[in-house]
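Notes to accompany the following structure.
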Amino acid sequence: MSLSWSNIRTIYNREINNYFNTPIGYVFLIIFSLFINFLFLYLPNFWDVNSASMENFFSWMRIVYMFLIPAITMRLWAEEKKTGTIEVIFTMPYQTAETILGKYLSALSFLGFALCSTIFIPISIGTISSPDWMLIIGGYLGLTLLGAAYIAMGLFISWFTQDQIIAFLITIAACFLFFIMGYPSFLQLMGILGPLMAYASVSWHYDSLARGMFDTRDIFYFLTFIGIFMYMNYFAIENKK
């Protein structure tokens, strides 16, 4: 199957414009930026000059992602179904994979804009101390891969409803499930399945990257996670068509 990057770019431009054609996209990014920077600067233990660490930032971002990513992905398919434009898309000369990739890359780009708004934090730390930049790079790599994985899952979930709120809530639940799967209290309940559940959890692999451990197995996990949900989205659409 040969994909046309021109078609992918057309879908991408349409979707990214949908984020910014109204003030909602800009307001969303501003609120996110103010919220994250406020947490880091003013809440206890977020500004530790002695250690110059972003550990708390990366820890909190895992929680923020559970609400941020569903808000980004909830409209991607649900809105198309609600407005009826899904039928128009299916009649256009685009392959299913091209449409999925265009939507996925637009959501990933919007997340990238959100992450760029936090660049003030490592720059500020760097001006007052000598942080471990490998830990910071690892943390941002982990955030990027975690966000990319959640977006693939959120895009898949959005396909099954025309109600954006339902897509939002289900995606939150799914993110939470994959998040807690790697925690000891949950693993104890799983018994002999504990090691398997730990490896399947996003938190287990994200925490490894956030500690500056660049293990190819963690990167492979996230790429596989993304690939599985993208393929399931493709299969679900083709089956419907």
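The values are calculated or read from the model by the stated rules, or taken from the named source; none is laboratory data. Bear in mind the structure is a predicted one, so any value in this text is a computation, not a measurement. Every residue, glycine among them, receives a Cβ derived from its backbone with ideal geometry; neighbour counts consider all protein chains shown.
Residue-by-condition table, conditions (1) of a type outside the set (Asp, Glu); (2) assigned to a helix (DSSP H, G or I); (3) modelled with pLDDT under 85:
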residue	(1), (2), (3)
LEU41	yes, yes, yes
ASN56	yes, yes, yes
TRP77	yes, yes, no
THR118	yes, no, no
The listed residue being hydrophobic (A, V, I, L, M, F, W, C), touching a helix residue (DSSP H, G or I) at 6+ places or on another chain (Cβ under 8 Å) and closer than 24 Å to PHE220 by Cβ, out of PHE110, PHE156, PHE120:
PHE156
Taking ALA52 as meeting all but one of (1) more than 17 Å from LEU141 (Cα to Cα); (2) touching a Pro at 6+ places or on another chain (Cβ under 8 Å); (3) modelled with pLDDT of 70 or more, write down the number of the exception.
(3)
Determine which single condition THR83 fails, assuming it passes every other condition in (1) without any contact (Cβ under 8 Å) to a residue 12 or more places away in the chain; (2) in contact with a Pro (Cβ under 6 Å, 6 or more places away or on another chain).
(2)
Within segment 200-228, restricting to residues that are in contact with a Lys or Arg (Cβ under 9 Å, 6 or more places away or on another chain) and of a type outside the set (D, E, K, R), the one that is farthest from LEU105 (Cα to Cα) is SER208
How many residues, within segment 151-164, are at pLDDT below 95 and either surrounded by fewer than 19 Cβ atoms within 10 Å (Cβ to Cβ) or closer than 19 Å to VAL64 by Cβ (or both)?
4
Would you check which residues across segment 80-108 are loosely packed, with under 14 Cβ neighbours inside 10 Å and under 30 Å from ILE30 (Cα atoms) and list them?
THR83, THR85
Considering each residue of segment 209-240, count those that are over 19 Å from ILE157 (Cβ atoms) and either charged (D, E, K, R) or surrounded by fewer than 19 Cβ atoms within 10 Å (Cβ to Cβ) (or both), and give that number.
11
Any idea which of GLY139, GLY112, GLY102 is of a type in the set (Gly, Ala, Ser) and either touching a strand residue (DSSP E or B) at 6+ places or on another chain (Cβ under 8 Å) or at pLDDT below 90 (or both)?
GLY139
I'd like the full set of residues that are assigned to a helix (DSSP H, G or I) and among the charged types (D, E, K, R), limited to segment 212-226.
ARG217, ASP218
